[in-house]
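Working notes for the structure below.
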Amino acid sequence: MRVGVLTGGGDCPGLNAVIRAVVRRGVRDHGFTFVGFRDGWRGPLEGVTMELGIEQCRGILPRGGTILGSSRTNPFAVDGGVERIKENLAAAGVDALVAIGGEDTLGVATTLAEAGVKVVGVPKTIDNDLSGTDFTFGFDTAVNIATDAIDRLHTTAESHHRVLVVEVMGRHAGWIALHAGLAGGASAVLIPEQPFDIEAVCAHVETRFESEYAPIVVVSEGAVPVEGGDMTLSSGEKDAFGHVRLGGIGDRLASEIEHRTGKEARAVVLGHVQRGGTPTAFDRWLATRFGLQAADAVADGDFGTMMALRGTRIVRVPLSEGTAELKLVSPAEYAEAEVFFG
Ligand code: F6P
């Protein structure tokens, strides 16, 4: 069997570990040959491929990014996109596809599976917001990077008696902010699921100063104030899936805090640092196991499925179920973090 592999959406530490495991298991245990599709759905849409085998996968386990490249190409936004994909898969002699991606990439995979394309999905996103799986790989790396940043910011904030606002990724879900904020001892954590009251944030800032510590406020890029509106400095520019590019809430929040409390406040935007570089051991472990199981799902002809972590087991769930809804931080989980605010 000839199997195509693609990685779509925002890149994420662990993508190469999945590719390596799919190829190793596929070649060794199932006798597959592989072809890599470049840059997410752009590859099958435009017929852009690269050689992919054990040789191309040597040494990639600890490397961030993806050897296949990635993009946010949406084939459904292109006339005749599905037909073009089917033609290009046939031209490359591809019998089945392994699509590694998040909400958007796997959403496309779901619709293609319904249209008869033999596809197996592997969930990835640093945001950890896919409902079908307990964790996505990339998330642990992002949380560790953000926690390390918070630890470092504590000491400089304390030396200068400043407020430091740390803006982390998380468009719809505040998992990175919540986990890194808890792990790093933040004075407040602001997430998209729980609109924040700026007065309450300022009160936490004042309390932290009273105890001779400097406040660290962790904010997800998609957090919103209770009074409505938004605090991002977004240009309104959208990607092919209709998502507005976020960013800027950290700066806005810092100036608002400074204005209201009279304390100097600075913002640090972690941005793509959270997505780059080497994956943690946990992410390599999870990505590798997803890859092994995805190759097995192809061998079993179990198409239209997505690999998912449930406890410590990897299971297969229907793609449609895995992407049906976003996994958001519940009020109870947020309340745990609130104990430490102020
Ligand atoms: O989906 C993962 C993610 O990192 C989000 O947290 C963020 O909003 C988005 O990607 C940024 O995407 P890009 O790098 O394309 O601007």
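The values are calculated or read from the model by the stated rules, or taken from the named source; none is laboratory data. These numbers were taken from a predicted model, which means no experiment stands behind them. As a convention, Cβ positions derive from the backbone with ideal geometry for all residues, glycine included, and neighbour counts pool all protein chains shown. Surface areas here come from the heavy atoms of the whole protein model, side chains and all, with no ligands, DNA or RNA. Shrake-Rupley method; radii C 1.70, N 1.55, O 1.52, S 1.80 Å.
I need a count of the residues in the range 85-137 that are within 16 Å of the ligand (Cβ to nearest atom) and among the basic types (Lys, Arg).
1
Hey, can you tell me all the residues within the range 30-86 that are within 24 Å of the chain's Cα centre (by Cα) and of a type in the set (Asp, Glu)?
39
Please state which one of 296, 251, 300 is out of contact with any Leu (no Cβ under 6 Å at 6 or more places or on another chain), away from the ligand (no atom under 16 Å from the Cβ) and within 18 Å of residue 168 (Cβ to Cβ). Outline the logic, then answer.
Numbers: 296 fails: within 18 Å of residue 168 (Cβ to Cβ); 300 fails: within 18 Å of residue 168 (Cβ to Cβ).
Among 296, 251, 300, only 251 is out of contact with any Leu (no Cβ under 6 Å at 6 or more places or on another chain), away from the ligand (no atom under 16 Å from the Cβ) and within 18 Å of residue 168 (Cβ to Cβ).
Could you list, in sequence order, all residues of the range 208-240 that are away from the ligand (no atom under 16 Å from the Cβ), outside any loop (DSSP other than H, G, I, E, B) and open to solvent by less than 60 Å² (accessible area, probe 1.4 Å)?
Correct list: 208, 209, 216, 217, 225.
Regarding the range 58-78, can at least one residue be identified that is assigned by TED's automatic domain parsing to the domain that holds residue 124, without any contact (Cβ under 8 Å) to a residue 60 or more places away in the chain and in a strand (DSSP E or B)?
Scanning the range 58-78, I find no residue that is assigned by TED's automatic domain parsing to the domain that holds residue 124, without any contact (Cβ under 8 Å) to a residue 60 or more places away in the chain and in a strand (DSSP E or B), so the answer is no.
Being of a type in the set (Asp, Glu) and touching a Leu at 6+ places or on another chain (Cβ under 6 Å): is that true of residue 206 here?
In short, no.
Run down 312, 280, 288, 323 and say which single residue is without any contact (Cβ under 8 Å) to a residue 40 or more places away in the chain and either open to solvent by 20 Å² or more (accessible area, probe 1.4 Å) or under 30 Å from residue 213 (Cα atoms) (or both).
312
Tell me, please, whether a residue that is within 22 Å of residue 285 (Cα to Cα) and among the aliphatic types (A, V, I, L, M) can be found in the range 121-129.
Looking through the range 121-129, at least one residue is within 22 Å of residue 285 (Cα to Cα) and among the aliphatic types (A, V, I, L, M).
What strands (runs of 3 or more DSSP E), lying completely within the range 93-207, carry at least 2 residues that are over 17 Å from residue 290 (Cβ atoms) and outside the structural domain of residue 290 (by TED's automatic domain parsing)?
Fully inside the range 93-207 and qualifying: 163-168, 188-190.
Go through (1) open to solvent by 50 Å² or more (accessible area, probe 1.4 Å); (2) within 12 Å of the ligand (Cβ to nearest atom) for residue 262 and report which single condition fails.
Going through the list (1) open to solvent by 50 Å² or more (accessible area, probe 1.4 Å); (2) within 12 Å of the ligand (Cβ to nearest atom), residue 262 breaks only (2).
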